[in-house]
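Everything on this sheet refers to the single structure shown next.
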Amino acid sequence: MHWIDTLVIAGYLALTFGVGIYLTMRVKTSEDFFLAGRRLPFWAIAMSLVVSDIGALEMIGGTGGAFRHGIAQANYEWIGCVPAMIVGGILFIPLFWKLGIQSVPEFLGTRFGSLVRSILAIVWVLFLGAAVGVFLQAAATMFTSILGWDRWFTILLVTGLVSIYTVGGGLGAVVFTDVIQCAILFIGGLLLAVLGLIEAGGLRAVTEAVPAQHLRLLLSAEENPDFPWTGVLFGLGLVLSPAYWIGNQAIVQRTLGAASEWDAKASMVFGAILKTIVPLAFVVPGILGLVLITGAESMAPDEVYPQLIRQLLPVGLRGVLYAAFLAALMSSVDSYANSAATIFTRDIYQPLLGGRPDRALVVGRLASLGTIALGLALGPLLEGDIYETFQTLLSFFQGPTLDLLIAGVLWPRANRTGGMSALALGIATAIIAHWFDVHFLHVALFSMIAASIGMVGGSLADSESRRSQ
Amino acid sequence: MSPLVGTVLLSCGYIALLLWALRTEGRARSGWRDLRWWITALVAIQLLLYWWF
């Protein structure tokens, strides 16, 4: 790597570290730590939401997906984010914000009892810790191949920096470092797309050169079994996406730290606007790869993005893109560590272990550090099949969790029996559908329908709760 | 099923979402802070994209 690129990366790391340390000094109470003192403006939350959702692997994988499938890859951003962010921003987030809760399991606990709260809290803490490990390991492999960095140097550099500002500064530090990371990610990605389009001879030249199917958003299962439009619309759009944008602690927690109810709402809607732009930075380069890379037919999709960086960008600008990779990794790790710490402190330490509220700040900081340490320890064990199994297990909870959230907010008669029935029936359906090799987008839809049946049946059958209401 | 059916269903869904969001949000703020403008622009862009491609 050229020394100018190294200098750009060092500059980015120094800026992130400086902002993180400055915000650490402003943390005095547990509310400062978990919710940034409820002072966050909408634009900072929106940028943080977007960059936390884009990991280093998604940058490479998203571009590779567009190289293989074309613009249909943008469905993950458009159908997979925009509608759910509008619904979340208008209906769910303002309610959560007004209730003053700090975690999603906390809300579900108030509606469906402590058992539902505890089950979901334990599942989420384990998943978030394991995910930190997988992010670190997979990204280290990527950095070794692209930058030639030593694997453990990358892991220790990222965890060292992230630990300092996440453990010290909590959500405020996470969000404002994410703002820097989001800016770098957009600048780098859009720069690559614009330079690529110029190099390819303009938009018309590209559309004439790539296969027609690469320029269609909705495809039938016969045209592309990876992107059946029924799965995209109903599985991704109606279930997985709302479950992520309304039920994922790493997402919801930022909005709970908003300065006002309007900021909480606007953060989701402004985030949706940014999400509309994201495919320009990561999908367009993937399609350009077909035109610009010689011998593209035989190239592995994940090699497209690094190859375009080497081919199109001069020294210095390459450093910006490499800094964007680091930014994407750091924003994911800091968000997940902070969210796991919040769930552990609010939903496990205090209600299950009888912890004292006045120790919440210390416990939260230790739990952030513990999550990163858990990720470091689990990472080498979780490569390949084990993590996929773990992620599949989490996906079994997505449909039922969304059902609990919707019923919890919209249906006053939903009760504890309904909540447990929804969880049990939804998970059982997901397991059976997965067993029969149903496409994962359809598994989400079926488990959601089953959970809804369980919710209605259980709530109506529990006459005692009905009378008490 | 044809992807055209998907585009039609998606459009109906987006229009329903827009009408619901405009009604629910109401006139909470004025000027650029009125979220109804943001949501209308977002839905219009989405419809344009899905009918274009």
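Since every read-out is calculated from the coordinates, none of them should be taken as a lab result. Values in this document were obtained by computation on a predicted structure and should not be read as measured data. Cβ: placed from backbone, ideal geometry, glycine included. Neighbour counts: every protein chain shown.
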inquiry  = Rounded to whole Å, give me the distance from the Cα center of segment A:161-203 to that of segment A:61-134.
reply    = 21 Å
message = Using the Kirkwood radius over C-alpha pairs as Rh, can you work out the diffusion coefficient of segment A:195-278 via Stokes-Einstein at 25 °C, viscosity 0.890 mPa s, in µm² per second?
response = 152 µm²/s
ask   = Of B:Trp51, A:Leu329, A:Phe397, which is farthest along the charge dipole of the protein assembly as shown in the positive direction, counting Lys and Arg as +1 and Asp and Glu as -1 at C-beta?
value = A:Phe397
note = Shielding of A:221-231 by other chains, given as the mean Cβ count within 10 Å, works out to 2
inquiry  = What does the net charge come to around B:Asp34 if you take all other residues with beta carbon closer than 13 Å to its beta carbon, with K and R at +1 and D and E at -1?
reply    = +4
task = At 7 Å along the Cα-to-beta-carbon direction for both A:Asp226 and B:Asp34, put a label point, then send me their distance in nm to one decimal.
result = 4.4 nm
key: Cα principal axis extents for chain A, largest first, Å   = 70, 55, 42
inquiry  = Distances longer than 29 Å among the Cα atoms of segment A:149-303: what percent of all pairs is that?
reply    = 40 percent
key: Acute angle (nearest 10 degrees) that the helix A:42-53 long axis makes with the longest principal axis of chain A, alpha-carbon atoms   = 80 degrees
ask   = In nm, what is the difference between 0.36 nm times the number of residues separating A:Arg26 and A:Val315 and their Cα-Cα distance?
value = 100.3 nm
query = For A:Ile406, A:Ile372, what ranking results if the residue with the fewest other Cβ atoms within 10 Å of its Cβ goes first?
reply = A:Ile406, A:Ile372
ask   = Which of the listed residues, A:Ala266, A:Phe227, A:Leu238, is farthest toward the dipole's positive end in segment A:164-309, when Lys, Arg count +1 and Asp, Glu count -1 at the beta-carbon?
value = A:Ala266
task = Shielding by partners for A:309-320, please: the mean number of other protein chain Cβ atoms within 10 Å of each residue's Cβ.
result = 0
query = Could you put A:Trp245, A:Trp78 in order, starting from the residue whose Cβ has the fewest other Cβ atoms within 10 Å?
reply = A:Trp78, A:Trp245
Sum of side-chain charges, A:Val82 neighbourhood, beta-carbon under 14 Å (Lys, Arg +1; Asp, Glu -1) = -1
task = Would you work out which of A:Val304, A:Asn338, A:Ile180 lies farthest towards the positive end of the dipole of chain A? Charges go on Cβ: Lys and Arg +1, Asp and Glu -1.
result = A:Asn338
query = If you place +1 on the Cβ of every Lys and Arg, -1 on the Cβ of every Asp and Glu, and leave all else neutral, what size is the dipole of chain A about its Cα centre, to the nearest 20 Debye?
reply = 1440 debye
query = For the Cα atoms of chain A, what angle does the longest principal axis make with the long axis of helix A:114-147, in degrees from 0 to 90, nearest 10?
reply = 10 degrees
request  = Output ³J(HN,Hα) for segment A:150-166: one whole-Hz value per residue in order, computed from phi by the Karplus curve 6.51 cos²θ - 1.76 cosθ + 1.60 with θ = phi - 60°, and x for Gly and Pro.
outcome  = 5, 4, 6, 4, 4, 4, 6, 4, 5, 5, x, 5, 4, 4, 4, 7, 6
remark   = Final fewest-first order of A:Glu31, A:Glu297, A:Glu199, B:Glu25 on the 10 Å Cβ neighbour count is A:Glu297, A:Glu199, A:Glu31, B:Glu25
remark   = proj_area_mean for chain B (convex hull on C-alpha atoms), units nm², value 3.7 nm²
D_trans [Stokes-Einstein, Kirkwood Rh over alpha-carbon pairs] for segment A:308-441, 4 °C, 1.567 mPa s, µm² s⁻¹ = 69 µm²/s
request  = Counting helices only, and only those DSSP H runs with n ≥ 4, report the 222 nm mean residue ellipticity of chain A as the sum of -39,500 (n - 2.57) divided by its residues, in deg cm²/dmol to the nearest 500.
outcome  = -24500 deg cm²/dmol
note = For segment A:282-407, the dipole about the Cα centre with charges only on Cβ (Lys and Arg +1, Asp and Glu -1), to the nearest 20 debye, works out at 560 debye
inquiry  = Tell me the Kirkwood radius of segment A:1-116: reciprocal of the mean inverse pair distance over distinct alpha-carbon atoms, in Å.
reply    = 18.1 Å
inquiry  = With θ taken as phi - 60° and the coefficients 6.51, -1.76 and 1.60, list the Karplus ³J(HN,Hα) couplings across segment A:318-327 in order, rounded to whole Hz; mark glycine and proline as x.
reply    = 4, x, 4, 5, 5, 5, 5, 4, 4, 4
task = Would you please give the residues with an amide H less than 5 Å from that of A:Leu219, counting only those at least 5 places away or on a separate chain, with H modeled from the backbone geometry?
result = A:Trp229
ask   = What are the ³J(HN,Hα) values, in whole Hz, obtained from phi via the Karplus relation 6.51 cos²θ - 1.76 cosθ + 1.60 with θ = phi - 60°, for each residue of segment A:183-193 in sequence order, with x given for Gly and Pro?
value = 4, 5, 4, 5, 4, x, x, 5, 4, 5, 5
